[in-house]
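Note sheet for the following structure.
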Amino acid sequence: MAKMAKFSFFSSSSPKYIPSSPSSFTSFPASPLNQNFTQAMMEETVETADSVIRKWDPNTPSFTKIVSLFNHSRKEAKEFIRCVRDLRRAMHFLVSQDSQSPKLALAQTLMQIAMARLEKEFFQILSSNRDKLDPESVSGQSSISSNSEFEDVMGSDDDDESDNEMRKAGESITQVEKASAVVMSDLKAIAESMISCGYGKECVKIYKRIRKSIVDEGLSLLGIEIYKGSRFHRMDWVTLEHMIKNWVKAAKIGVAMLFRGEKLLCDHVFSASNSTRESCFYEIANEAAINLFKFPEFVAKEKKSHERIFPLMDLQAAISDLWQDIEMIFHFDAVAGVKSQALTSLQKLKVSIHNALTDFESTIQKDSTKALTPGGGIHKLTRSTMNFISSLSKYSGVLSEILADHPLPRNTRLLESYVRTPISEDEQHNHALSVHFAWLILVLLCKLDTKAEHYKDVSLSYLFLANNLQLIIETVHSTHLRNLLGDDWLNKHEDKLGAYAGNYEIAAWSNVFMSLPEEPTDLSPEEAKIYFRRFHTAFEEAYMKQSSRVVPNAKLRDELKVSIAKKLVPEYREFYRKYLPMLGQERNIEILVRFKPDNLENYISDLFHGTPIHASSSFSSSSSSSSWKSLGCVSG
């Protein structure tokens, strides 16, 4: 039997089984009759175990050397585990009676053979059932393994009861989960048997070795590599952005499935020992998890412009979304470093994101482009800024956390009057974010005021402000910004837009409005001719100048046309109807009276498309197409 004592699946020698203190057997009756009976029973147990255990001796040349006990016959596997348990109890008794007993020596030899077999079975089950121990299958067992319906089929004393319970549990789970449940149960039974017999070290060594390689391989397949800070300094942004997108997807799978599944498996297999399962999970997952959460920290340390804030917020959102899982999976002291690393990455990301926000605000304030937008159209700064702000608003959850720690370092009472007072707790949480967005838009509006001053034409300045404010309002109205800034903000800025439009009309068209008599009065033919000339000259000048103006927004464009036409056409129509008959005998009346009221409306309808009109081509063609021979045209 010396040969058996040297067998070990992974090591050159196996320790000789030394039973624990026999104190657990002090309850045996002390009378000589009972003691002899118990001794005979224990010796019989050893003899029974001898036939069962030797059959599966991994060093014998029989078929059992290459066949898996647990795959070959579950009934024999149960019997084997039960024999090991009974053998351990017999050894406890025998060592308490006679430590030199031949039966004890035999029992020790049998125990080493049994442990060699279980060690081999443990390795084979772990190695050959990777598909049944994948994270998704294992996660499916979480509710089952914690439920009393699913007892360990290998460790139960009542086989029939265990089989019944297994069948009940099987009714509620899929075939894949059933197979996974069986494998997990086998591993648990072997682990508990080996640990109780003093072979826990061998069992744990096998488990750590195989499961760690599986976790590492799984992360590698997800695109997670060993991260080093020096590499990030030399990395171009396109490559880094691709890595960030991949990391966000991989982290969700890695934490919610891979690490969670591994934790569940570890807890199940080593449920009998807190210290063992914690030690195993630490060895398997700690290094890989810390490496996983180092990536966001390395990214956050790199200096980047504000345009690259969105991948940073994606990283922060990913960690925040996973935080509940992180706390649940890495809850004990040995793996506290994982939570610490994830928290460090979160803090670094927050700082980097806040710096990017500050850089964005500074970019608006420092914009020094002096090129005027043709026709008073929308400035590229307005488009880029509002696109950026509207994209930021999609990350309100991430930004609320950051801005709560970094409130605006200025008096925001004026800003707060523009955004609605928070009512609910969620609104209160977003209030700092709302104020910050209002501030960024105010910074933009101030910069636009400065740029408007560069126009020499006052009317063009107001049109420029109106166009750009219209885009700002439209962006707020059509995005998540509306929920953050509220209807009060929109109403106040729409009023401001109306004021800009009104000031534009006054500056651009006041000479035309004032070219007709202010109050109804009787004019002489000569006075009427003066007013016709004055009106036509003023309108031509205004029209030619305003024809190059542009209003991109259809709604604002139509509102301006309608407003100008309402102020101009009715007054001119009345003047035209009253005084044109006086001039019926005038020569070249088509030159003196160039516009019919309907022509006036047509001209106005063509405004704000940014197409300059020249008098020689437009107004002359209009007059030549009009028939002035009959004064019946006054009805037009």
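The values are calculated or read from the model by the stated rules, or taken from the named source; none is laboratory data. A quick note: this is a predicted structure, and the numbers were derived from the prediction, not measured. Counting neighbours? That spans all protein chains shown, and the Cβs are built from the backbone with ideal geometry, glycine included. Protein only, heavy atoms only, side chains kept; ligands, DNA and RNA dropped before computing areas. Shrake-Rupley method; radii C 1.70, N 1.55, O 1.52, S 1.80 Å.
Would you please report the Å³ per residue occupied by the convex hull of the alpha carbon atoms in region 303-409?
111
Taking a cut-off of 19 Å between Cα atoms, list the lysines near K366, but don't count ones fewer than 8 places away on the same chain.
K304, K380, K447, K451
Going through the cross-link list K496/K596; K132/K208; K208/K350; K370/K555, which pairs have a Cα-Cα distance over 25 Å in this structure?
K496/K596; K208/K350; K370/K555
With the calculation restricted to Cα positions, what are the radius of gyration and Dmax of region 436-581 in angstrom?
19.2, 64
Apply the Karplus parameterisation 6.51 cos²θ - 1.76 cosθ + 1.60, with θ equal to phi minus 60°, to every residue of region 457-465 and state each ³J(HN,Hα) to the nearest whole Hz, in sequence, with x for glycine and proline.
Per-residue couplings from phi come out as 8, 4, 4, 5, 4, 5, 5, 4, 5 Hz.
Leaving out ligands and nucleic acids, and using a 1.4 Å probe, what accessible area per residue does region 201-246 come to in Å²? Mind showing how you got there, number by number?
Working: 2760 Å² over 46 residues.
Accessible area per residue: 60 Å².
With point charges of +1 on the Cβ of Lys and Arg and -1 on the Cβ of Asp and Glu, referenced to the Cα centre of region 234-347, which listed residue (F281, S305, A336) lies farthest in the positive direction of the dipole?
S305
Listed highest first by mean packing, meaning other Cβ atoms within 10 Å per residue, what order do 357-369, 81-93 come in?
Taking the mean over residues of other Cβ atoms within 10 Å, the ranking is 81-93, 357-369.
Carbon and sulfur: what percent of region 197-282's accessible surface (1.4 Å probe)?
54
In what order, largest first, do I290, I309, I195 sit by accessible area if the probe radius is 1.4 Å? Intermediate values should be presented prior to the final figure.
Details: I290 45, I309 0, I195 65 Å².
These residues rank, largest area first, as I195, I290, I309.
Does region 349-412 come out rounded, prolate or oblate, given a ≥ b ≥ c as the square roots of the eigenvalues of its C-alpha gyration tensor, rounded meaning a/c under 1.5 and, failing that, prolate meaning a/b above b/c? Intermediate results must be reported in sequence, preceding the final value.
On the way: a/c = 2.69, a/b = 2.01, b/c = 1.34.
It is prolate, given that a/c is not under 1.5 and a/b is the larger ratio.
To the nearest 0.05, how large is the calculated FRET efficiency for K567 and N483 if R₀ is 25 Å and r is the Cβ-Cβ distance?
0.10
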